[in-house]
1. Which of the residues spanning region 155-184 are touching a residue at least 40 places away in the same chain (Cβ under 8 Å), exposed (fewer than 15 other Cβ atoms within 10 Å of the Cβ) and of a type outside the set (Lys, Arg)?
2. Anything in region 185-194 that is surrounded by fewer than 17 Cβ atoms within 10 Å (Cβ to Cβ), on the phi < 0 side of the Ramachandran plot and at pLDDT 95 or above? List them, or say none.
3. May I ask you to say which residue of Ile133, Ile120 is modelled with pLDDT under 95, under 29 Å from Glu182 (Cα atoms) and assigned to a helix (DSSP H, G or I)?
4. Could you list, in sequence order, all residues of region 18-42 that are more than 22 Å from Phe92 (Cβ to Cβ) and open to solvent by 30 Å² or more (accessible area, probe 1.4 Å)?
5. Within region 118-131, which residues are surrounded by fewer than 23 Cβ atoms within 10 Å (Cβ to Cβ) and either among the aliphatic types (A, V, I, L, M) or under 15 Å from the mean Cα position of the chain (by Cα) (or both)?
6. Taking the condition of being open to solvent by less than 50 Å² (accessible area, probe 1.4 Å) and not in a strand (DSSP E or B), how many residues in region 78-117 meet it?
7. Mind telling me which of the residues Ile212, Ile157, Ile174 ends up being more than 24 Å from Met129 (Cα to Cα) and either touching a Leu at 6+ places or on another chain (Cβ under 9 Å) or of a type in the set (A, V, I, L, M, F, W, C) (or both)?
8. For Ala107, work out the one condition from (1) within 19 Å of Leu188 (Cβ to Cβ); (2) over 17 Å from the mean Cα position of the chain (by Cα); (3) hydrophobic (A, V, I, L, M, F, W, C) it doesn't fulfil.
Amino acid sequence: MGVGISVRDMIAKRAAEEIEDGMVVNLGIGMPTLVANHLPAHINVMFHAENGVLGTGPTPVKGEEDENLCNAGGLPITVVPGASYFDSTYAFSIIRRGLLDVTILGAFEVSEKGDLANWIVPKKIVSGMGGAIELAQKAKKVIVLMNHVDKKGNPKIVSECTLPLTAKRCVDVIITDMAVIEVSQEGLHLIEVMEPFTVEQVVKSTEAKLTIAEHLT
């Protein structure tokens, strides 16, 4: 089960609600980059990119891209007033010093303990994990965006990750096409269900155990 463009934007829009004024935020490759397009005008944040930009903006209008501006995934970006440029060494020092308020990442699997697997599927060729390890371990809050099940309908929120881990016990919030789930020391807590799904459908599509918020019962 894939995630269509409209669904991707729906997930990104919900993720934007987690961002507060004045934050420094890193957006991972893929769906997370769409979050910048859904930030309310009154919320002022500085988006961070590992390739050396602080202050990236929304996706540029087609035909108005600047060939000298891109994010860590190589996609065109805009910048906001006050943006700054530096090398990747400095960009990673910002991450490793714990100066990011939020990082928003994609994932292949998340466990009920908040373990994250998002950098490789065995037997698939990848260029590397990029800044995933540092981002997952050092950001003050880690939000994961993904589809709730894989292309075969298998749950991606699992009791234990089967794929190589990026980091252990790092995820704080999971936002999918079906639900919003908070991660705590007690486990996974279902706090929102996306239309047109039901609580029962979310539970059935989740391998890990969920506790249900009172307002959903």
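The values are calculated or read from the model by the stated rules, or taken from the named source; none is laboratory data. Given the structure is predicted, the values throughout are model-derived calculations rather than measurements. Positions of Cβ are generated from backbone atoms using ideal geometry, with glycine treated the same way; all protein chains shown enter the neighbour counts. With ligands, DNA and RNA removed, areas are computed over all heavy atoms of the protein, side chains included. Shrake-Rupley method; radii C 1.70, N 1.55, O 1.52, S 1.80 Å.
1. Ser159, Glu160, Thr162, Pro164
2. His189, Ile191, Glu192 - these are the residues of region 185-194 that are surrounded by fewer than 17 Cβ atoms within 10 Å (Cβ to Cβ), on the phi < 0 side of the Ramachandran plot and at pLDDT 95 or above.
3. Of Ile133, Ile120, the one residue that is modelled with pLDDT under 95, under 29 Å from Glu182 (Cα atoms) and assigned to a helix (DSSP H, G or I) is Ile133.
4. Glu18, Glu20, Asp21, Gly22, Leu34, Asn37, His38, Leu39, Pro40, Ala41, His42
5. Passing the criteria: Trp119, Ile120, Val121, Ile125, Val126, Met129, Gly130.
6. Result for region 78-117: 13.
7. Result of the check over Ile212, Ile157, Ile174: Ile212.
8. Single failed check for Ala107: (2).
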